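Asker: Encoded as structure tokens, here's the structure I'll be asking about.
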Amino acid sequence: MRVVITGGPGAGKTALLQELERRGFATVEDTPRAIIRSRRAAGLSARPSPLEFGEQWLRRDIELYERNAGEKPTFFERGVLDALAMVADAAPERETELRARARDYPYHPVVFVLPPWEEIYATDDERDHSFAHAVRVSESIVTWYQSCGYEVAPVPRLTVAGRCDHVLSALARLPARVSRPFSVRRARTTDAEAAVDVVRRSIVEVCTADHRGDAETLARWLANKTAQNFATWFESDENHCVVVEAERRVLGVGALKRSGEVSLLYLAPDAKGRGMGKAVHAALEEQARVWGLRELTLDSTERACPFYERLGYRSAGGAGTRFDVMRVYPYVKTLW
């Protein structure tokens, strides 16, 4: 069972891995630090170009992944997905290919993330970036893992022994199932037809308590759900649109406006209960933080209210009406 401990630089990952090793668990050292040490020993600069560094990291971590298999837990200080994220950042045109490769190297579906911690952050011969850089890295890697279908579990800011106890206790409560085989990515105009099909099916088949089978309500609700409109929304700089896919099928779609409004979040009827909606929302929320938004807003159908409340939304007023039949519920979520 391969378990990932990840996060930005200087968050305490190495100390936690050392404590896990002291307690008898198998661990795998952080590859980027090993690369930097070997380059310096050879009289080279600490790092090559980001793409070359990422590719070298990826090759080594694939080897480490393949050498460390078995039922007992092996704890990795970062892993193949972290390397893929660096390559994707350096070569964004390869993002789709790299997400597909991530499915070939599944880890435990819950990834433990050590959040940035300024009080313990320190530079050294192998860590020469600012704390602000560490924060950015942490945020981007959380988004990457979530978009690849993993659940992210923050590790509290405790003593090293306390963090070790937390991870082992949490892991003991979790089933060692395989990683969920879906990923979230930026929507492309070529996704428009598939995304429209998902939304229309979801409205017709899932939202029955909202449209109540009323033909006129359905017609008005579906009127702007066209491939042409979706392609326009996907292209617009005023929107951030994502899709969730599995086995090369689009199974969900989400859209965020620069105003902070979540204007779309739908899943195909056969995609419910697999964590996809949560993953889509996580991708939208991360973009909201990139834009510097303080809050998210949305109008929820009656059926979706419990879902949004579990994500931290609170009521923003009384129910309104739409299409004369539907009731909609305004919600808001404070980000910071």
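The values are calculated or read from the model by the stated rules, or taken from the named source; none is laboratory data. The model shown is predicted, which means the values in this text are computed figures rather than measured ones. Quick reminder, even Gly has a Cβ in these numbers, built from the backbone with ideal geometry, and neighbours come from all protein chains shown.
Asker: Looking at (1) free of Cβ contacts under 8 Å to residues at least 40 places away in the same chain; (2) over 23 Å from residue 192 (Cα atoms); (3) of a type in the set (A, V, I, L, M), which is the only condition residue 293 fails?
Answerer: The single condition residue 293 does not satisfy is (1).
Asker: So residue 43 fits all but one of (1) surrounded by fewer than 17 Cβ atoms within 10 Å (Cβ to Cβ); (2) in a helix (DSSP H, G or I); what number is the exception?
Answerer: Result: residue 43 fails condition (2) only.
Asker: Starting from residues that are in contact (Cβ under 8 Å) with a residue 60 or more places away in the chain and surrounded by fewer than 18 Cβ atoms within 10 Å (Cβ to Cβ), keep the ones in the stretch 49-72 and report whichever is nearest to residue 27 (Cα to Cα). So that I can check it myself, show each step before the final result.
Answerer: The first filter runs over the stretch 49-72 and keeps only residues in contact (Cβ under 8 Å) with a residue 60 or more places away in the chain, leaving 65, 68-72.
Restricting the remaining residues to those that are surrounded by fewer than 18 Cβ atoms within 10 Å (Cβ to Cβ) gives 68-72.
Working: 68: 9, 69: 12, 70: 13, 71: 14, 72: 11 Å.
Looking at residues that are in contact (Cβ under 8 Å) with a residue 60 or more places away in the chain and surrounded by fewer than 18 Cβ atoms within 10 Å (Cβ to Cβ), I get 68.
Asker: For the stretch 118-129, which residues satisfy the criterion of being surrounded by fewer than 17 Cβ atoms within 10 Å (Cβ to Cβ) and modelled with pLDDT of 85 or more?
Answerer: Within the stretch 118-129, 118, 119, 120, 122 qualify.
Asker: If you scan the stretch 23-38, which residues turn out to be assigned to a helix (DSSP H, G or I) and of a type in the set (A, V, I, L, M)?
Answerer: Matches in the stretch 23-38: 34, 35, 36.
Asker: Which one is surrounded by the most Cβ atoms within 10 Å (Cβ to Cβ), of the residues in the stretch 73-91 that are part of a helix (DSSP H, G or I) and charged (D, E, K, R)?
Answerer: Within the stretch 73-91, the subset part of a helix (DSSP H, G or I) is 80-90.
Checking the rest, the ones that are also charged (D, E, K, R) come to 82, 89.
Values: 82: 25, 89: 16.
Looking at the filtered set, the residue picked out is 82.
Asker: So, in the stretch 205-229, exactly how many residues are in contact (Cβ under 8 Å) with a residue 60 or more places away in the chain, assigned to a loop (DSSP other than H, G, I, E, B) and either charged (D, E, K, R) or surrounded by fewer than 15 Cβ atoms within 10 Å (Cβ to Cβ) (or both)? Spell out the reasoning first.
Answerer: First pass over the stretch 205-229, keeping only residues in contact (Cβ under 8 Å) with a residue 60 or more places away in the chain: 205-207, 209-212, 214, 216-217, 220-221.
Checking which are assigned to a loop (DSSP other than H, G, I, E, B) leaves us with 206-207, 212, 214.
Restricting the remaining residues to those that are either charged (D, E, K, R) or surrounded by fewer than 15 Cβ atoms within 10 Å (Cβ to Cβ) (or both) gives 212, 214.
Selection size over the stretch 205-229: 2.
Asker: Sort through 187, 195 and tell me the only one that's on the phi < 0 side of the Ramachandran plot, at pLDDT 95 or above, among the hydrophobic types (A, V, I, L, M, F, W, C) and in contact with a strand residue (DSSP E or B) (Cβ under 7 Å, 6 or more places away or on another chain).
Answerer: 195
Asker: Of the conditions (1) in contact with a strand residue (DSSP E or B) (Cβ under 7 Å, 6 or more places away or on another chain); (2) part of a helix (DSSP H, G or I), residue 3 satisfies every one except a single condition; which number is it?
Answerer: Answer for residue 3: the failing condition is (2).
Asker: If you don't mind, another one. Among the candidates 132, 69, 85, which residue alone is under 23 Å from residue 151 (Cα atoms), assigned by TED's automatic domain parsing to the domain that holds residue 29 and modelled with pLDDT under 90?
Answerer: 69
Asker: Between residues in the stretch 311-326 that are within 12 Å of residue 299 (Cβ to Cβ) and residues that are assigned to a loop (DSSP other than H, G, I, E, B), which pairs lie under 8 Å by C-beta distance while being six or more apart or on different chains?
Answerer: Every condition considered, the pairs that remain are 326/301.
Asker: Hey, among the residues in the stretch 129-156 that are assigned to a helix (DSSP H, G or I) and among the polar types (S, T, N, Q), which one's nearest to residue 95 (Cα to Cα)?
Answerer: Per the stated criteria, the residue is 147.
Asker: Could I ask something else about it? Can you find a residue that is assigned to a loop (DSSP other than H, G, I, E, B) and within 15 Å of the chain's Cα centre (by Cα) anywhere in the stretch 278-290?
Answerer: Checked the stretch 278-290: no residue is assigned to a loop (DSSP other than H, G, I, E, B) and within 15 Å of the chain's Cα centre (by Cα).
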